Amino acid sequence: MEEKRLDWFTIPKIDAHIHLMPQDVIEANIGEKFADYGDVSEYIKLMDKYNITTAFIMPFNDPYMLSMDFTLESVHSNLYNMCNMSNGRLYSFADIDIRKNLDKNISELNKIINKTMFLGIKIHPTNTGYPIDGEYYDKIFKWASDNNVLVEIHSYPRTHINDDVCSPSRIKNVIKKYSNLKVSIAHMGGFQYEQLYDINACFNISAILPDYVNEYGIKKTNNILREFGIEKLVFATDYPDSRSLKPDEIYNKYFDILNKMDFTYEEAEKICRYNIMNMIKR
Ligand SMILES: [Zn+2]
């Protein structure tokens, strides 16, 4: 049987890591990238253009980015409302605020996590400056492991710092302790990716894909992705954020790059939808 022709521009896909903002935060931050490209209805037009059926909004572990009273509770209600505006196309990850008393943080998580909009928790050690294997996060991981909730960990460490707050070496400490924890690594461990090849997690290519291609070219990047394993790869972009691209360039560049790689249609379906859907199941 002939293989279905693969075009990454048109294949239906989930973008498993994007950023949008509530309207009042956008209005207070005009001129900032996340605000200027953060409007829900504008983003839905992009979803239509690129056949993105669904997208997951990531919080920042920084309530100033998603609320005007700078509280975890408002961040969650804002995320909830943004998802509600999307006709079931936007979902979100829950936030944490490490300035907050840990028990209060956990009780807020307990309150929201059974709402269908919230698919997991986001942990962003670089934004908080707090190491991923530190004590506060440890309690969050325990909660996530006990409740079978997916945790997405930001991992794009500075290249030459092996124990940066989000480095693979620290992530491995967490995974060793919580062997049943469901983990999604955003940005694939940056340029320390080799240390993550053997861990049991899924890996989304948000932010890092064009940066690998700039560093290594298409062929080696393609090999790196295959080394992780098709079953672990997840499509995501980090729109509108990028170290190397303007927001308007991100989707075209991603699909251009992916169209030059050797993935089959069947493999792309796993990367675009099935792998992440398995991970968010509870
Ligand atoms: Zn991001």
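The values are calculated or read from the model by the stated rules, or taken from the named source; none is laboratory data. Predicted model only: the values in this text are computed from it and were never measured. Neighbour counts run over all protein chains shown; Cβ positions are idealised from the backbone, glycine included.
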(message) For the condition surrounded by fewer than 18 Cβ atoms within 10 Å (Cβ to Cβ), more than 18 Å from Val213 (Cβ to Cβ) and either in contact with a helix residue (DSSP H, G or I) (Cβ under 6 Å, 6 or more places away or on another chain) or not β-branched (Val, Ile, Thr) (or both), what is the one hit in Glu249, Glu267?
(response) Glu267
(message) Filter the range 227-243 down to the residues that are within 16 Å of the ligand (Cβ to nearest atom) and at pLDDT 95 or above and list them by number.
(response) Val234, Phe235, Ala236, Thr237, Asp238, Tyr239, Pro240, Asp241, Ser242
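Check the range 49-62 and report whether any residue there is in a helix (DSSP H, G or I) and either out of contact with any strand residue (DSSP E or B) (no Cβ under 6 Å at 6 or more places or on another chain) or more than 22 Å from Phe235 (Cβ to Cβ) (or both).
Our first condition is that a residue be in a helix (DSSP H, G or I); within the range 49-62, this holds for 49-50.
Then drop every residue that is not either out of contact with any strand residue (DSSP E or B) (no Cβ under 6 Å at 6 or more places or on another chain) or more than 22 Å from Phe235 (Cβ to Cβ) (or both), which leaves 49-50.
Yes - at least one qualifying residue is present in the range 49-62.
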(request) Could you tell me whether Ile30 is surrounded by 13 or more Cβ atoms within 10 Å (Cβ to Cβ) and either within 17 Å of the chain's Cα centre (by Cα) or away from the ligand (no atom under 16 Å from the Cβ) (or both)? (result) no
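A quick yes/no check of all residues on (1) under 18 Å from the mean Cα position of the chain (by Cα); (2) surrounded by fewer than 20 Cβ atoms within 10 Å (Cβ to Cβ); (3) farther than 24 Å from Ser167 by Cα; (4) at pLDDT 95 or above:
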{"residue": "Asn101", "(1), (2), (3), (4)": "no, yes, yes, yes"}
{"residue": "Thr116", "(1), (2), (3), (4)": "yes, yes, yes, no"}
{"residue": "Pro125", "(1), (2), (3), (4)": "yes, no, no, yes"}
{"residue": "Tyr137", "(1), (2), (3), (4)": "yes, no, no, yes"}
{"residue": "Trp143", "(1), (2), (3), (4)": "no, yes, no, yes"}
{"residue": "Leu150", "(1), (2), (3), (4)": "yes, no, no, yes"}
